[in-house]
1. So for the range 40-183, taking the charge dipole from beta-carbon charges (+1 Lys/Arg, -1 Asp/Glu), which of C110, S83, A144 sits furthest toward the positive end?
2. 7 Å from Cα along Cα→Cβ at both A138 and M64: what's the point-to-point distance in nm?
3. What spacing in nm lies between the two simple spin-label points modelled at S97 and V71, each 7 Å away from Cα in the Cβ direction?
4. Carbon and sulfur: what percent of the range 40-183's accessible surface (1.4 Å probe)?
5. Whole number please: convex hull volume per residue of the Cα set in the range 40-183, in Å³?
6. Quick check: net charge around R126, other residues with Cβ under 14 Å of its Cβ, Lys/Arg +1 and Asp/Glu -1?
7. Under a 1.4 Å probe, what is the accessible area of the range 79-184 per residue, stated in Å²?
8. Can you bin the range 118-172 into rounded, prolate or oblate? Criterion: square roots of the alpha carbon gyration tensor eigenvalues sorted a ≥ b ≥ c, rounded for a/c under 1.5, prolate for a/b above b/c, oblate for the rest.
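The values are calculated or read from the model by the stated rules, or taken from the named source; none is laboratory data. Fair warning: this is a prediction, and the values are worked out from it, not measured in the lab. Cβ coordinates were reconstructed from backbone atoms using ideal geometry, including for glycine residues, and neighbour counts include every protein chain displayed. Surface areas here come from the heavy atoms of the whole protein model, side chains and all, with no ligands, DNA or RNA. Shrake-Rupley method; radii C 1.70, N 1.55, O 1.52, S 1.80 Å.
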Amino acid sequence: MAFPNLFLYINPITAFFSCHLQFQSFSYQSKFSSLKQQPTTMAMAFKMATTGMWVTDECKNSFMEMKWKKVHRYIVFKIDEKSRLVTVDKVGGPGESYDDLTASLPIDDCRYAVFDFDFVTVDNCRKSKLFFIAWSPAASRIRAKMLYATSKDGLRRVLDGISYEVQATDPTEMGIDVIKHKAN
């Protein structure tokens, strides 16, 4: 004897959420199909499932250039709330320093940054570590703080090879001494 509607009869609230999730799944598919029709310059290869944000290919390519070719010292990422894309905001050349990175972060808006920190160990060995910095200053909007906090893990998954993470709300929490301490 089959009970096809037993689940609906016993737990109508869960059934409502199940139907709602199926509807959400359908609407995401329609968003995805409309994004495929955009030009290839805006190709989105990576989607962060938790917030519905997309990471552009430019982010991934810039990170790979920094990681393997050492073309960049740092990359600053930002979220465009209207297009729901994580894009590259600023790229620092190989001759720029950590002070240049901290100067490029806005004092009233959130950003993500990746910094390539070169150092010499106690054994006189040259090493390089990649730091992921989640910048969320106190002066930024609460909506932006929430958006960046929920999207952080998805971006970290796309940027494979990050050694350490630093979360900062003011410049003293991400000073060069903090970076040196974590690297050693």
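1. About the Cα centre, the residue reaching furthest to the positive side is S83.
2. Taking the two extended label points, one gets 4.2 nm.
3. About 2.6 nm, to one decimal.
4. Numbers: 4050 of 7620 Å².
Result for the range 40-183: 53 percent of the exposed heavy-atom area is carbon or sulfur.
5. Working: hull volume 15.1 nm³, N = 144.
Taking the convex hull of the Cα positions in the range 40-183, it is 105 Å³ per residue.
6. Details: positive: K70, K127, K129; negative: D116, D118, D123.
Charge balance near R126 sits at 0.
7. Details: 5790 Å² over 106 residues.
On a per-residue basis, 55 Å².
8. Numbers: a/c = 5.57, a/b = 1.89, b/c = 2.95.
In terms of gyration-tensor shape, oblate.
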